[in-house]
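K.L.:
A single structure is presented below for examination.
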Amino acid sequence: MAQSPPVESRIPALPTFSLGTAAGLPPRFPVDRMSPSETTPQATAVIPWIGVARAGLEARMTADGLSATHAQTLFRLLHRELMPDPLASPDALPPLRRWLEARGEGGRRGVDVASEIASADGLTRKYLLRLSDGQTIETVLMGFTGRHTACVSTQAGCAMGCVFCATGQMGFVRHLTAGEIVAQVHHVQSALRAAGQRDLRNLVLMGMGEPLNNYDAVMTALEILCDTCGVNLGPSRVTISTVGVVPGIRRMARERRPYPLAVSLHGSTDEERSALIPAGRRWPLTELLDACRDYTESTGHLIFVEWTLIAGRNDTEEHATRLGALLRGIPSHVNLIPLNPTQAFEGTATARDAAQTFQRVLREAGIPSTLRQRRGIDVAAGCGQLRSQTTTS
Ligand code: SF4
């Protein structure tokens, strides 16, 4: 008999708002414009203060002649108390009030719920959030025993074009600002608090978009979210997921960023991988795995290798043997994830017994792995699926 999930894992509902008209989507960017240093359209939505780190707020306020204490108060109200309007707090003293009023729009959270859907088991809740310029992005909250994990987006759409991904199928729209990334976490944190549940514990940047192509905004958002005066996420509980953007991985290694990294491989040869992930043509496996090795040596973290199991495409014993050989000598852990079906990709998920065989071969090669459950199929939990369904229906 199926066991009921623990009560604390269930995810509360928030009020829903009417769904607006989604903006049209431009085509994908070509594969050769994927470097994080290259210029792509900038965000037009502005959420001024929730996207500024505490040190930045202090610098701006002291430059305007205020004491740094007011910056600390504002940061706390925004990120610890999650106040959409800090002016409503009696803690905002007259100098801070005058400063906020003069600057305007300071505390706006900047996202509305366009649509919201919960899985039948109550463990996964997916939000389609509308930004101030009308773009919609997805945020997912997943309940596990005694803890919750949020999955947030870093771009509206995505340029990387992975064939099995609904976001890749829709193309790139724009980068999110640091404030828009933070706002997604505020949204789920508010939902948890409204239901009297524990604060968020884990964060994964695995929603819409390639985080390392929006490097600066992502790192600013994580600095804010890991600040002990705010949401206070532990850096080791924040996972950045990349399709394998080598310059971004090398930059993380150079800057010794404290966040675990998940790298999507999905193919054990360049040809196999590129057929699923066009980025594989830009950054071949040897180059990518070299960067991963550097990252593990510089940061002391292991690499999480993401492997979407697709029947007949990358799930045989031969594939597992090759993967084991590729990862030899690289501190890593493989996450095996059965494919989430999407409209424009005809592949199907690997059967359970074949997935277990794949895992056994990896184990024999000395590579640890976890066979992940598919979560939230009934809420279109694969990234981009809810937005796709919403904009095409
Ligand atoms: S899997 Fe990630 S990187 Fe690939 S298209 Fe989807 S969102 Fe972009």
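Values in this text are rule-based calculations from the coordinates and carry no lab data. Please read all numbers here as calculations on a predicted model, not as lab measurements. Every residue, glycine as well, gets a Cβ built from its backbone with ideal geometry; the counts of neighbours run over all protein chains shown.
K.L.:
Please provide three numbers in whole Å: the alpha-carbon extents of the stretch 110-392 along the principal axes, with the largest listed first.
P.N.:
On the principal axes, the stretch 110-392 reaches 48, 39, 36 Å in Cα extent.
K.L.:
Would you mind computing the Rg to Rh ratio of the stretch 51-182 from its alpha-carbon coordinates, Kirkwood style for Rh?
P.N.:
Working: Rg = 18.1 Å, Rh = 17.1 Å.
With Rg and the Kirkwood Rh in hand, the quotient comes to 1.06.
K.L.:
log10 I(q)/I(0), Debye, Cα-only the stretch 54-103, no solvent, q = 0.19, 0.25, 0.27, 0.32 Å⁻¹?
P.N.:
-0.53, -0.92, -1.07, -1.37
K.L.:
Next question, about the same structure. For the stretch 204-352, give me the percentage of DSSP beta bridges that are antiparallel, rounded to the nearest 5 percent.
P.N.:
Numbers: 1 of 17 bridges.
Here the share of antiparallel DSSP bridges comes out near 5 percent.
K.L.:
Further question: Treat every Asp and Glu Cβ in the stretch 54-103 as -1 and every Lys and Arg Cβ as +1, leave all other atoms uncharged, and give the resulting dipole magnitude about the Cα centre to the nearest 20 debye.
P.N.:
For the stretch 54-103, the charge dipole is close to 80 debye.
K.L.:
Please sort 206-219, 159-172, 317-330 by packing, taking for each peptide the average over its residues of neighbouring beta carbons within 10 angstrom, highest first. Walk me through the numbers on the way to the answer.
P.N.:
On the way: 206-219: 24.7, 159-172: 23.2, 317-330: 17.1.
Answer by packing, highest mean first, reads 206-219, 159-172, 317-330.
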